[in-house]
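Novice: First, the structure itself, so that you have it in front of you.
Readers should treat all values here as calculations from the given coordinates under stated rules, not as data from a laboratory. Treat the numbers as computed from the prediction; the structure is a model and nothing was measured. Neighbour counts are summed over all protein chains in view; Cβ atoms, including those assigned to glycine, are modelled from backbone coordinates with ideal geometry.
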2 protein chains.
Amino acid sequence: MRRDTKQREAILKLLNNTRSHPTADQIYDEVRADIPNISKGTVYRNLQVLENDGAITVIGINGAQSRYEIKQNSHYHFRCEKCGGVIDLDEPADKGIDKKIATRTGFTVSHHRTEFYGLCKDCQQK
Amino acid sequence: MRRDTKQREAILKLLNNTRSHPTADQIYDEVRADIPNISKGTVYRNLQVLENDGAITVIGINGAQSRYEIKQNSHYHFRCEKCGGVIDLDEPADKGIDKKIATRTGFTVSHHRTEFYGLCKDCQQK
DNA sequence: GTAATTGCAAACGGTTTGCGATCTC
DNA sequence: GAGATCGCAAACCGTTTGCAATTAC
C-alpha cells in the first residue's frame, strides 16, 4: 500500500509549484532546504513511484539528464541548445498521427513524444 | 585535420550496411570481428567525430543507450516498448511545424524530434 | 505489527578522458 | 615531423540497489 511520507509530499509540492522541469539533482537540492538529511536515493525512488502512479511525467528524448514535471495534458517541449532550459509549448499533441502510423505499420502505437530544439529568446541575444 | 583510419572506416562501413540502429556496444562487438583489439574508447571517440562531421545521427532516448545511424533525410522513429527495438518510419518530418512554433514563441527553432512508442508486430503476438 | 519507506554507501552501466605509444598525412 | 588517433585503464556521473533502521497505517 502506498504511504504518505513528508519526503514524498515535499517532492510533489515542489513540482506542483514550478514550471522549470527540474532534474533529480535540482529536486534533491531544493527539497534539502526543508528536509536536510533526505537522500538522493529517496528522491529517485519517489520519482519512480510517482511516475508509476501517473502523478508526474519524465521528460526527454535526447539522452541528457531526465527532467520531471507534474502530469498534465499531453504537450510538447522546447529545449534551448545553449542554456539547456526546457520550456512547455502550447502546441497540443497531435493524436491523429498515432493512428496514422499504426495503420501504416501494423504496430500498436500508444503515444509519441516530440521535442523542439533551437535558441530561446534570451540566448538569441547573446 | 581529419584522418582516415581503419577503425573509423570500419565503423562507418558497418553503419552503412545496417538498418538496425546499433548501440555503441553493438558496434564495438561487430567491429571487433575485423579489428580484434579496437577499444571502446575509440568507438565512442569516432562516433563523436562522425556526428560532428554530420556523417551520422545519434538517436537518444532518455534512460536508454544511445543508438547510431547513417545521416539521412529527417525521419521519425518507432521504439517497441517490449523488445526495445528501434525502427525507421516512412512518415516524413513535418517541417512546417518548426516555423509555426518559431512564430508563436519567438524562439529560433532548428529542428524537432519525434519518437513513437508501442508494440512492434512481433511483440504484439506474444 | 507489518510492510512501505528511509538514509547511507556501495555498486552499476554507459560514456568520457588522461596517458604515452602509434599512425596518417 | 606534427598532430590526429590509438589502446588501455581509470575516472565520471546519473541512477539504482542492498541493508538495517525507521515510519505510516
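Novice: What is the order of B:ARG79, B:ARG45, fewest Cβ neighbours within 10 Å to most?
Specialist: B:ARG45, B:ARG79
Novice: Per the helix-only calculation at 222 nm, which mean residue ellipticity applies to the protein assembly as shown, given -39500 (n - 2.57) for every DSSP H run of n ≥ 4 and division by its residues, nearest 500 deg cm²/dmol?
Specialist: When only DSSP H runs of four or more count, the value is -10500 deg cm²/dmol.
Novice: For the protein assembly as shown, just run the numbers: alpha carbon Rg, then divide by 2.2 N^0.38 Å, N being how many residues it has.
Specialist: 1.13
Novice: I'd like the mean, over residues of A:117-123, of how many other protein chain beta carbons sit within 10 Å of each residue's own Cβ.
Specialist: Across the residues of A:117-123, the mean count of other-chain Cβ atoms within 10 Å is 5.
Novice: Step through the table entries B:LYS71/B:LYS121; A:LYS40/B:LYS100; A:LYS100/B:LYS99; A:LYS40/B:LYS121; A:LYS71/B:LYS100, compare each Cα-Cα distance with 29 Å, and write down the pairs that go over it.
Specialist: A:LYS40/B:LYS100; A:LYS40/B:LYS121
Novice: Let me ask something else about it. Under a Cβ-Cβ cut-off of 15 Å, what is the net charge of the residues other than B:ILE59 that fall near it, where Lys and Arg count +1 and Asp and Glu count -1?
Specialist: 0
Novice: Here's something else I'd like to know. Can you give the angle from 0 to 90° between the axis of helix B:40-52 and the longest principal axis of chain B, with both taken from C-alpha atoms, to the nearest 10?
Specialist: Around 40 degrees separate the two axes.
Novice: Taking the Cα atoms of chain B, what is the range of coordinates along each of the three principal axes, in descending order and whole Å?
Specialist: 51, 48, 24
Novice: Which net charge results for the neighbourhood of B:ASN17, defined as the other residues with beta-carbon distances under 14 angstrom from its beta-carbon, given Lys and Arg at +1 and Asp and Glu at -1?
Specialist: Around B:ASN17, the surrounding residues sum to -2.
Novice: Sort B:HIS111, A:HIS21 so the one with the fewest other Cβ atoms within 10 Å of its own Cβ comes first.
Specialist: The fewest-first ordering by Cβ neighbours comes to B:HIS111, A:HIS21.
Novice: Among the DSSP beta bridges whose two residues both lie in the protein assembly as shown, what percent are antiparallel, rounded to the nearest 5?
Specialist: 80
Novice: Can you give me the Rg/Rh ratio for the stretch A:1-53, using Cα atoms for both radii and the Kirkwood formula for Rh?
Specialist: For the stretch A:1-53, the value is 0.92.
Novice: Among A:VAL43, A:VAL49, which comes first, then next, by fewest other beta-carbon atoms within 10 Å?
Specialist: A:VAL49, A:VAL43
Novice: I've got another one for you. Compute the angle between helix A:6-16 and the longest alpha-carbon principal axis of chain A, please, reported from 0 to 90 degrees and rounded to the nearest 10.
Specialist: Between the helix axis and the principal axis of chain A, the angle is about 40 degrees.
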